[in-house]
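Input: a single structure, listed below in structure tokens.
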Amino acid sequence: MTQTSEWYEKLKSKTAAECERTGSMLPFAPIGGRYKDLMIPGGIYWWCNGFWPGLLWQMYGATRDELYREAAQASGERLSPALEHPEKLDHDVGFLYLLSAVAAYRLTGSEAGRQQGIAAAEILADRFHETGAYIQAWNSGVWEEGDKSGMMIADTMMNLSLLFWASEETGEERYGRIAKAHADTALQNILREDGSANHIAVLDPQTGEFLEAPAGQGYAPGSSWSRGQSWILYGFTNAYRHTKEERYLAAAKRSAHYCISALSDRNWLPAVDFRAPEDDGRFDASAGAIIASGLLELADVVPEPEQGLYRNAARKILAALEEKFVNWDPETDGIVYGASNSYHNDRLAGMSLIYGDYFFTEAVLKCSGKNTEVW
Ligand code: GLY
């Protein structure tokens, strides 16, 4: 058996058992090896709630096993009422609805899924500031204090696929225009010359002028939060796939080369921040999984001679994750036990977090050619 087919077989055993136990819950992290429903105070609005239905839709697309479809449908439908409260949703609305509603539409033709996807795209588009040309991150004073009106972040790059999809689906040009405008501002203020990235850029909302780039979820200003890096790599790859604009491909490659260099320097194990002290012992396996899946996506959009670099690096990352962090035991919930929410958060660190498991699943399925395109 090849490594790829071994991963696929283990993934099926693991996720089928998780699905039997977890069903229509919206899990975030296993505690004592077991998922529970909605463990974060954000309730159905929590940005991570799309990843469980998304993982199940990926497994359904690969296997056509009804077990996955029923749980994907049931867990995803629970997010529908959140669309009535856009003030509680944020820039991560793409993670929520691309992986639940839009995935349901793609795989089953669900008209409700299509409508919810378009409603979510409208919410994301409404966050756009024409002055400055950026989609605002977070909401001033909703889950945390402070004025967020001038903030744009790396994470949003990954959510732009919701706008590209809505534009392609409805023929409404506005969604695509906003996605491209935000990507262009991210090229200026988030992606750096050397391929590393800021997590946050603060702009003056009155003029659009760049003000500062604080540390965000990374180690310090000027450092390189690995998950932010992964959103940039994968997000610009998606932007290129949807638009065929060469500047986005160049950005994706710049980011990919930086990530490959940072990871190869540390045995392909993802630090929480690529520019934090080397001996801090902090990892974010979710960043590794996202980078691996992003590299596999990138490999699919470049000419043949360029593909090997990205595919080989992705497999090395997945193998390193498996060796150090993956728990294949079907009796335990959670796959990749090495994810961390952010550099300075010791509580949500070194554990399985649902987005790490989603992207690991997506990447393993890509290796077998069994993934469903959702971005
Ligand atoms: N909001 C996405 C992240 O924390 O990575």
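The values are calculated or read from the model by the stated rules, or taken from the named source; none is laboratory data. Every value quoted in this text rests on a predicted model; they were computed, and no experiment measured them. Note that each Cβ is placed from the backbone with ideal geometry, even for glycine, and that neighbours are counted across all protein chains shown. Surface accessibility is based on the protein's heavy atoms, side chains included, excluding ligands, DNA and RNA. Shrake-Rupley method; radii C 1.70, N 1.55, O 1.52, S 1.80 Å.
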Computed [θ] at 222 nm, helices only, for the chain once each DSSP H run of length n ≥ 4 contributes -39500 (n - 2.57): -17000 deg cm²/dmol
Segment 312-373 - convex hull of the alpha-carbon atoms, volume per residue in Å³: 107 Å³
Environment charge at Ile31 (Cβ cut-off 14 Å; Lys +1, Arg +1, Asp -1, Glu -1): +2
Rg followed by Dmax, in Å, when segment 56-144 is reduced to its Cα trace: 14.7, 48
10 Å binning of all Cα-Cα separations within segment 143-206, expressed as whole percents from 0 upward: 20, 43, 30, 6
Accessible area in square angstrom per residue, segment 147-243, 1.4 angstrom probe: 31 Å²
As computed over segment 1-131, the Cα convex hull volume per residue (Å³): 131 Å³
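Please state the shape class of segment 275-343: rounded when a/c is under 1.5, otherwise prolate if a/b exceeds b/c and oblate if not, all from the C-alpha gyration tensor. Don't jump to the answer; show the numbers that get you there.
Numbers: a/c = 2.51, a/b = 1.48, b/c = 1.70.
Here segment 275-343 falls in the oblate category.
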For peptides 363-369, 99-105, 340-346, sequence by mean Cβ density within 10 Å, most packed first: 99-105, 363-369, 340-346
Nearby lysines by direct alpha-carbon distance to Lys180 (threshold 16 angstrom, same-chain neighbours under 8 apart not counted): Lys244
Rg/Rg_globular for segment 175-286, with Rg_globular taken as 2.2 N^0.38 Å and Rg from C-alpha atoms: 1.09
Reachable lysines from Lys36, criterion Cα separation under 27 angstrom, eight or more residues apart if same chain: Lys10, Lys12, Lys14, Lys88, Lys324
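Return the ratio Rg/(2.2 N^0.38 Å) for segment 129-240, where Rg is computed over Cα atoms only. The partial results should precede the final answer.
Details: Rg = 13.7 Å, N = 112, 2.2 N^0.38 = 13.2 Å.
Computed over Cα atoms of segment 129-240, the ratio equals 1.04.
Over the Cα atoms of segment 96-160, Rg to Rh with Kirkwood Rh, two decimal places? Show your work: numbers first, answer last.
Values: Rg = 14.0 Å, Rh = 13.1 Å.
With Rh from the inverse mean 1/r over Cα pairs, Rg/Rh is 1.07.
Over the chain, what lengths in whole Å, largest first, do the semi-axes of the equivalent ellipsoid take, defined as the square roots of 5 times the eigenvalues of the alpha-carbon gyration tensor? Could the numbers behind the result be given before it?
Working: eigenvalues 152, 119, 85 Å².
Computed over the chain, the values are 28, 24, 21 Å.
What order do Trp46, Trp375 take when sorted by accessible area (1.4 Å probe), most exposed first? It would help to have the intermediate numbers written out before the result.
Details: Trp46 55, Trp375 5 Å².
Descending order: Trp46, Trp375.
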Glu278 - accessible surface, heavy atoms, 1.4 Å probe, Å² rounded to 10: 130 Å²
Net charge contributed by nearby residues that have their C-beta within less than 12 Å of Leu321 (K/R +1, D/E -1): -1
Formal net charge of residues neighbouring Ala256 (Cβ-Cβ distance under 11 Å; K, R +1; D, E -1): 0
Separation of the Glu84 and Gln188 label points, Cα + 7 Å toward Cβ, nm: 4.0 nm
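For segment 238-375, count all C-alpha to C-alpha pairs, find those more than 27 Å apart, and express that count as a whole percent of the total.
Numbers: 1846 of 9453 pairs.
In whole percent, the share of Cα-Cα pairs in segment 238-375 beyond 27 Å is 20.
How high is the relative contact order of the chain? Use alpha-carbon pairs under 8 Å, at least six apart in sequence, and give a whole percent. Before the final figure, lay out the partial values.
Numbers: 737 pairs, mean separation 63.7, N = 375.
17 percent.
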Where a label projected 7 Å from the Cα of Asn312 along Cα→Cβ would reach, residues of segment 230-271 with amide N under 14 Å: 260-261, 264
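Run the numbers for Lys36 and Thr131: contour at 0.36 nm per residue of separation, minus the present Cα-Cα distance, in nm. Mind dumping the intermediate values first?
Details: separation 95, 0.36 × 95 = 34.20 nm, distance 4.24 nm.
Net length gain for the segment: 30.0 nm.
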Using θ = phi - 60° and Karplus 6.51 cos²θ - 1.76 cosθ + 1.60, couplings along segment 31-47 (whole Hz; Gly, Pro as x): 10, x, x, 10, 6, 10, 7, 6, 7, 9, x, x, x, 5, 7, 4, 4
Label-point separation, His344 to Met1 (7 Å along Cα→Cβ), nm: 4.5 nm
